[in-house]
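Student: Just dropping this structure here.
Please treat every number below as a calculation from the coordinates, not as lab data. Note that this is a predicted model, so its numbers are computed, not measured. Note that each Cβ is placed from the backbone with ideal geometry, even for glycine, and that neighbours are counted across all protein chains shown.
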Amino acid sequence: MALSVNKRPMGGGKAETAPQHKINERIRAQQVRVVGENVENPGVYSLSEALKMADELELDLVEISPNADPPVCRVIDYQKFLYQQKKKQKEIKAKTVQVVVKEIRFGPNTDDHDFQFKLRHAEKFLAEGAKVKAYVFFKGRSILFKEQGEILLLKFAQELEEVGKVDQLPTLEGKRMTMFISPKKKK
């Protein structure tokens, strides 16, 4: 009895992923709208005619809008198409802005020196473009000094009005009274 041996290597190899778009013979529609920079007469063609046009130009027929009626296909070099899409994604990602939030913690009875010290840090954070989350943490029975905490945060916001604007006024959530300040836009 002979054993059959599988010649393919097991694991370790890169799994082949299916292309994101249907190309050439993988397109199943009977009629397609053909577009592209190299196409002289864009319009609706049968799939065989569209494939023939792409073949004559030595390019690929790529289905870019499968939900349209008829589906839209572009005559283009598929690898170049993928490269351009990747490039666009990178540009979009580069343009997104990361919002950094720096936290500054106070107690309800923070003295003036500590207040000034934390104020300087907050000014530096706002100058760097980061948002500041200032909060008063009430430990144990210090929750009785809610008004003091609110006054402290409002004083903090007033001191920072040159470099930042208040996004959210002080709100009490459990044992924390929180306020958000974002940097002012530079003119």
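Student: To the nearest 10 degrees, how steep is helix 47-56 against the longest Cα principal axis of the chain, on a 0 to 90 scale?
Tutor: Taking the Cα atoms of the chain, the angle to 47-56 is about 90 degrees.
Student: Take 65, 48 and order them by how many other Cβ atoms sit within 10 Å, fewest up front.
Tutor: 48, 65
Student: Calculate one ³J(HN,Hα) per residue across the stretch 60-76 by plugging θ = phi - 60° into the Karplus curve 6.51 cos²θ - 1.76 cosθ + 1.60, and present them in order as whole Hz with x for glycine and proline.
Tutor: Rounded to whole hertz, the list is 9, 9, 10, 7, 9, 9, x, 8, 6, 10, x, x, 8, 10, 10, 8, 7.
Student: Right, next: With a 10 Å Cβ neighbour count serving as the proxy for reagent exposure, in which order, fewest first, do 117, 106 appear? List each step's numbers first, then the result.
Tutor: Values: 117 12, 106 18.
Lowest to highest Cβ neighbour count: 117, 106.
Student: Quick check: the angle from helix 112-127's long axis to the longest principal axis of the chain, C-alpha only, nearest 10 degrees?
Tutor: With rounding to tens, the tilt is 20 degrees.
Student: Can I ask one more? Report which label in [x] 59, 21, 11; [y] 50, 19, 13; [z] 63, 25, 15 holds the value of semi-axes √(5λ) of the Cα gyration tensor in Å derived from the coordinates of this structure.
Tutor: Evaluating semi-axes √(5λ) of the Cα gyration tensor in Å on these atoms matches [z].
Student: Kindly provide the helix-only [θ] at 222 nm of the chain, computed as the sum of -39,500 (n - 2.57) over DSSP H runs of four or more divided by all residues, to the nearest 500 deg cm²/dmol?
Tutor: -10000 deg cm²/dmol
Student: Pairs to check: 87/165; 139/184; 90/131; 52/90; 86/133; 22/88. Give those whose C-alpha atoms are more than 28 Å from each other in this structure. Before the final figure, lay out each step's value.
Tutor: Details: 87/165 36 Å; 139/184 33 Å; 90/131 25 Å; 52/90 34 Å; 86/133 36 Å; 22/88 20 Å.
Over 28 Å Cα-Cα: 87/165; 139/184; 52/90; 86/133.
Student: Turning to a different aspect of this structure: Going by how many other Cβ atoms sit within 10 Å of their own, how do 177, 53 line up, fewest first?
Tutor: Listed from fewest to most nearby Cβ atoms, that is 53, 177.
Student: Mind jotting down the three principal axis lengths of the stretch 90-131 based on Cα atoms? Whole angstrom, largest first.
Tutor: 48, 17, 7
Student: I'd like the antiparallel share, as a percent to the nearest 5, of DSSP beta bridges with both residues in the chain.
Tutor: 70 percent
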